[in-house]
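Chemist: Quick one: the structure is below, and I'll ask about it shortly.
The values are calculated or read from the model by the stated rules, or taken from the named source; none is laboratory data. Because the structure is a prediction, the values reported are computed rather than measured. Positions of Cβ are backbone-derived with ideal geometry, glycine not excepted, and every protein chain shown enters the neighbour counts. All accessible areas refer to the heavy atoms of the entire protein, side chains included, with ligands and DNA or RNA removed. Shrake-Rupley method; radii C 1.70, N 1.55, O 1.52, S 1.80 Å.
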Amino acid sequence: MPNEVMSAADVAGTSLVAATEGPTTPPSLYRIDLATAASTAISQPNAGALTAVDMPAWKAWNFKNSRGEEVEAWYWTPPGFDSTKTYPMIVHYYGGTLPMKKNFENRLLWFASNGYVVLYLNPAGTPGYGQKFANYHINDWGFPAATDIIEGTEQFTKAHRFVDSARVGNFGHSYGGFMTMHLHTRTKIFHTGIALA
């Protein structure tokens, strides 16, 4: 696939036509030859707009939680990033029940473009990582997911000295909004929180 996420697709003969996007790549339409896996862009409506913008960088970063499981996470660094400097960080999640995807997320790119490191993760309760992992939130709303978010944030700030641990905030929407409020009852690592929806 030419990008991380496929949001729509259709098959005709030996071709797949797919709408794809990635953490720093806006949605585009591609034709993919199913025999050779070669891809051809059909439409990239926002490609020209990005040539005038200094985009944040994106990297995958996974960690082991205290249960010994690997938790998928990724992050953005600001344009002009300098690893010898320190940056404030925003942690975003849903909190389980739905997976966060590697989409072109305008809000997160806006934060990163304005000088924040942005950490994004899929904690306990998220489907797509096996049934046991998805079931963690059943009859235990908040606690397993919050533990993963806390542990991931602590591990990330310890491993990445460019994060100013005194300036870490968090936000989420819907179940993530509940998770934001729950996290502020569990830890003091987040110095501000935004609960949406």
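Chemist: Would you point out the residue of the range 66-87, among those that are within 19 Å of the chain's Cα centre (by Cα) and surrounded by fewer than 18 Cβ atoms within 10 Å (Cβ to Cβ), that is nearest to residue 122 (Cα to Cα)?
Modeler: The selected residue is 70.
Chemist: Okay, moving on. Taking only the range 165-197 into account, find how many residues are assigned to a strand (DSSP E or B), exposed (fewer than 14 other Cβ atoms within 10 Å of the Cβ) and touching a Gly at 6+ places or on another chain (Cβ under 6 Å).
Modeler: Looking only at that region, the number is 2.
Chemist: Still on this structure, I have one more. Among the numbered criteria (1) open to solvent by 40 Å² or more (accessible area, probe 1.4 Å); (2) not in a loop (DSSP other than H, G, I, E, B), which single criterion is violated by residue 129?
Modeler: It fails just one condition, (2).
Chemist: State whether one or more residues within the range 43-57 are at pLDDT 90 or above and either in a helix (DSSP H, G or I) or in contact with an Asp or Glu (Cβ under 9 Å, 6 or more places away or on another chain) (or both).
Modeler: Scanning the range 43-57 turns up no residue that is at pLDDT 90 or above and either in a helix (DSSP H, G or I) or in contact with an Asp or Glu (Cβ under 9 Å, 6 or more places away or on another chain) (or both).
Chemist: Filter the range 88-108 down to the residues that are farther than 14 Å from residue 194 by Cα and open to solvent by 30 Å² or more (accessible area, probe 1.4 Å) and list them by number.
Modeler: 97, 98, 99, 101, 102, 103, 104, 105, 106 - these are the residues of the range 88-108 that are farther than 14 Å from residue 194 by Cα and open to solvent by 30 Å² or more (accessible area, probe 1.4 Å).
Chemist: Within the range 1-40, take every residue that is among the small types (Gly, Ala, Ser), open to solvent by 50 Å² or more (accessible area, probe 1.4 Å) and in a strand (DSSP E or B) and give me the one that is nearest to residue 105 (Cα to Cα).
Modeler: Ranking the candidates gives 7 first.
Chemist: Which ones in the range 1-50 are within 19 Å of residue 100 (Cβ to Cβ) and not small (Gly, Ala, Ser)?
Modeler: Within the range 1-50, 1, 3, 4, 5, 6, 20, 21, 23, 24, 25, 26, 27 meet the criteria.
Chemist: Could you please tell me which pairs satisfy a Cβ distance under 6 Å, a separation of 6+ or placement on different chains, a first residue in the range 1-24 that is under 15 Å from residue 36 (Cα atoms), and a second residue that is of a type outside the set (Val, Ile, Thr) and in a loop (DSSP other than H, G, I, E, B)?
Modeler: These pairs meet every condition: 14/34; 14/35; 16/34.
Chemist: For residues that are among the aliphatic types (A, V, I, L, M) and in contact (Cβ under 8 Å) with a residue 60 or more places away in the chain, scanning just the range 62-107, find the one that is farthest from residue 47 (Cα to Cα).
Modeler: So, considering only residues that are among the aliphatic types (A, V, I, L, M) and in contact (Cβ under 8 Å) with a residue 60 or more places away in the chain, the one farthest from residue 47 (Cα to Cα) is 71.
Chemist: Checking residue 158 against (1) over 15 Å from the mean Cα position of the chain (by Cα); (2) farther than 18 Å from residue 84 by Cα; (3) in a helix (DSSP H, G or I), which single condition isn't satisfied?
Modeler: So the condition that residue 158 fails would be (2).
Chemist: Where residues in the range 132-155 are under 17 Å from residue 97 (Cβ atoms) and open to solvent by less than 10 Å² (accessible area, probe 1.4 Å), which of them is farthest from the chain's Cα centre (by Cα)? Show your work before the answer.
Modeler: Here is the first cut: in the range 132-155, the residues under 17 Å from residue 97 (Cβ atoms) are 132-149.
Remaining after also requiring open to solvent by less than 10 Å² (accessible area, probe 1.4 Å): 142, 145-146, 148-149.
Numbers: 142: 19, 145: 15, 146: 16, 148: 14, 149: 12 Å.
By that ranking, first place goes to 142.
Chemist: Continuing with the same structure: Can you tell me how many residues in the range 112-128 are touching a helix residue (DSSP H, G or I) at 6+ places or on another chain (Cβ under 8 Å), touching a residue at least 40 places away in the same chain (Cβ under 8 Å) and farther than 11 Å from residue 76 by Cβ? Quick ask: steps written out before the conclusion?
Modeler: In the first step, residues of the range 112-128 are kept if they are touching a helix residue (DSSP H, G or I) at 6+ places or on another chain (Cβ under 8 Å); the result is 118-121, 123-128.
Keeping just the survivors that are touching a residue at least 40 places away in the same chain (Cβ under 8 Å) gives 118-121, 123-124.
Filter again for farther than 11 Å from residue 76 by Cβ, leaving 121, 123-124.
Residues meeting the conditions: 3.
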